[in-house]
Amino acid sequence: MKKGNSTLGIIFLIIGGILLYNNFFHVNIFSMRYMWPIFILAPGLVFEFSYFTSKTAHGLLVPGGILTTIGIMFFFMTYTHFRFSILIAPVCILSVAVGLFQLYLFSGRPRGLLIPVGILTAIGGTFFIIAALNSLTSFVGYNLFLPLVLIIIGLFVIFGRTENKENF
């Protein structure tokens, strides 16, 4: 069996499975309602593909990483009906870090690129933690959040010590 035939067969299986899912659950996955992020993802993948086929134009990695990351994020947000948009918003900041980190990895590893990558990752990570805590407190409620945090801290203080005390 040729490799091309098995790849084509897998593609047909996936498309057939998606169409069967559409028929059973009456969801039109291929409508523009769900597929609009392809207009962001496709150029990103073209930039990525262009670099990895030529390996000469390192500058293609930055927009490729940004657009690919944001395109994947928008596909996720579209298929989850934007329920997690507050948690996913920091991905916009992290997408720039992804593009710059790709440039770092594939262009001779200039150490100066790690500074903006680190800063953007720290900012995006901080915003993600803040958004996650905000979502948690709105789900649990402020009246329960503070007591639960204090109980967890208390348990950590009591049982989290690793000192070996010798009994005399």
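Using helices alone, what [θ] at 222 nm do you get for the chain, with -39,500 (n - 2.57) per DSSP H run of 4 or more residues, divided over all residues and rounded to the nearest 500?
When only DSSP H runs of four or more count, the value is -25500 deg cm²/dmol.
Using alpha-carbon pairs under 8 Å, 6+ residues apart, how would you state the relative contact order of region 34-166 in percent? Before the final figure, lay out each step's value.
Details: 126 pairs, mean separation 26.5, N = 133.
Contact order relative to length: 20 percent.
Loop only by DSSP, 15 or fewer other Cβ within 10 Å of the Cβ. Give me the chymotrypsin sites (Phe, Trp or Tyr not before Pro) in region 25-114 that pass, ordered by residue number. Please list the in-between numbers first.
Working: sites: F25, F30, Y34, F39, F47, F49, Y51, F52, F74, F75, F76, Y79, F82, F84, F101, Y104, F106; in loops: F30, F82, F84.
The qualifying sites are F30, F82, F84.
Convex hull over the alpha-carbon atoms of region 25-156: what's its volume per residue in Å³?
153 Å³
Taking a point 7 angstrom from the Cα of F106 along the C-beta vector, which residues in region 26-45 have backbone N less than 19 Å away?
It comes to 40-45, nothing else.
Using 0.36 nm per residue, how much length does the chain from T78 to I115 gain when fully extended, once their Cα-Cα distance is taken away?
On the way: separation 37, 0.36 × 37 = 13.32 nm, distance 3.26 nm.
Contour length minus the Cα-Cα distance gives 10.1 nm.
Kyte-Doolittle mean at least 1.6 and Cα extent at least 20 Å along the axis: which DSSP H helices of the chain qualify?
Sorted by number, the helices that extend far enough and score high enough are 61-79, 91-106, 114-140, 142-159.
Based on the Cα gyration tensor of region 107-161, what are the three equivalent ellipsoid semi-axes, each the root of five times an eigenvalue, rounded to whole Å and given largest first?
On the way: eigenvalues 249, 62, 7 Å².
Result for region 107-161: semi-axes of 35, 18, 6 Å.
Test of understanding: given the chain, find the longest segment containing no trypsin sites (Lys or Arg not before Pro) that are in a DSSP loop and have at most 10 other Cβ atoms within 10 Å.
Values: sites that count: K2, K55, R83, R161, K165.
The answer is 84-160.
If you stretched the chain out fully between L8 and M32, how much longer would it get, using 0.36 nm times the residue separation minus the C-alpha to C-alpha distance? Walk me through the numbers on the way to the answer.
Values: separation 24, 0.36 × 24 = 8.64 nm, distance 2.49 nm.
Fully extending the segment from L8 to M32 adds 6.2 nm.
Bear in mind that the values in this text are calculations on the coordinates, not laboratory data. Since this is a predicted model, take the numbers as computed values, not measurements. We place every Cβ from the backbone using ideal geometry, glycine too, and count neighbours over all the protein chains shown.
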